[in-house]
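Structure record follows, encoded as structure tokens.
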Amino acid sequence: MSGLLDTMAANLRQFSRVPSTGSQSPAAVAIVVMEGDVGPCVPIFQRTSNMSRHAGQMALPGGRRHEGEAAQECAIRELREELGVSVSADDVVGILDDFDTRSGFTITPVVIWTDAPSAALQPSKFEVAELYVIAIPELRAAVKTARPGQEFSLRLERVQVFAPTAAILYQFSEVALDGRDTRVTDFYQPPFTHR
């Protein structure tokens, strides 16, 4: 997997991220690349139905930033709280564009690398209804067939994902994995994600 890490690090070093100019609530998510059963993968999950915000929606580990907390610190904390994976600032590979959601948050996506295997994931029963471990080739295939526009989503093998999570994964695949300077801030967010 070290070749993939080198590729992602090089691609993200060359990428000029665009920060948000809005004034929404700051949040962060972790796109964590780890070793799965069949190679590198990224965990995502469906939120539990009893959450006050974004209940039942597909998500990356993440949430609202605490007062004075940097995006990287928030992503690392949320990854530990929601999926039981402990990493450090040294494991951060790079940061993608801020994404302003229709529900009032500005999400900063933080790309993280860990040597922990996907078998070590310990999803929080309070926040994670179902865990999905997405192999990198599966993500790339979904991105390749996705059509940005009113009907945008990522059709993965076991689940369909919509923006903002789908948009962030799309940019991760394009930028970090394939070195393409792709922007996703205008990707369609269906009404059910606005709550």
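Taking region 132-195, how much of its Cα-Cα pair set, in percent, is spaced more than 17 angstrom apart? More than 17 Å apart: 33 percent of the Cα pairs in region 132-195.
Between Arg17 and Phe192, the simple label model (points 7 Å from Cα in the Cβ direction) yields a spacing of 3.0 nm. Whole-percent P(r), the chain, all Cα pairs, 5 Å bins from 0: 1, 8, 17, 23, 24, 17, 8, 2, 0.
Just the accessible area per residue of the chain, please: how many Å² with a 1.4 Å probe?
Each residue of the chain exposes 47 Å² on average to a 1.4 Å probe.
Take every Cα pair under 8 Å whose residues are at least 6 apart in sequence, average their separation, divide by the length of region 73-136, and the relative contact order is 33 percent.
Which FRET efficiency value, to the nearest 0.05, is calculated for Thr48 and Asp90 with the Förster distance at 30 angstrom and r the Cβ-Cβ distance? Once the sixth-power term is evaluated, E becomes 0.45. Note on region 43-116: semi-axes of the ellipsoid equivalent to its C-alpha gyration tensor, largest first and rounded to whole Å, are 20, 16, 11.
Each residue, Ala10 and Gln24, gets one label point 7 Å from its Cα in the Cβ direction; the gap between the two is 3.4 nm.
Give the shape of region 1-81 as rounded, prolate or oblate, defined through the alpha-carbon gyration tensor: a ≥ b ≥ c are the square roots of its eigenvalues, a/c under 1.5 means rounded, and otherwise the shape is prolate if a/b is larger than b/c and oblate if not. Because a/c hits 1.5 or more and a/b fails to exceed b/c, region 1-81 counts as oblate. Structural descriptor for region 120-195: relative contact order 24 percent, calculated from alpha carbon pairs under 8 angstrom and at least 6 residues apart.
Applying the Karplus relation 6.51 cos²θ - 1.76 cosθ + 1.60 with θ = phi - 60° to region 81-88 yields 3J(HN,Hα) values of 5, 8, 10, x, 10, 9, 9, 10 Hz, where x marks Gly and Pro. Rounded to 0.05, the FRET efficiency of the Arg147 and Arg102 pair, given R0 = 22 Å and the Cβ-Cβ distance, is 0.65. When only Cα pairs below 8 angstrom with a gap of at least 6 residues are kept, region 1-159 shows a relative contact order of 30 percent. Rounded to the nearest percent, how much of the accessible area of region 109-173 (1.4 Å probe, protein heavy atoms only) is carbon and sulfur? Carbon plus sulfur share of accessible area: 50 percent.
The values are calculated or read from the model by the stated rules, or taken from the named source; none is laboratory data. Predicted model, so just to flag it, every value in this text is computed and none were measured. Every residue, glycine among them, receives a Cβ derived from its backbone with ideal geometry; neighbour counts consider all protein chains shown. With ligands, DNA and RNA removed, areas are computed over all heavy atoms of the protein, side chains included. Shrake-Rupley method; radii C 1.70, N 1.55, O 1.52, S 1.80 Å.
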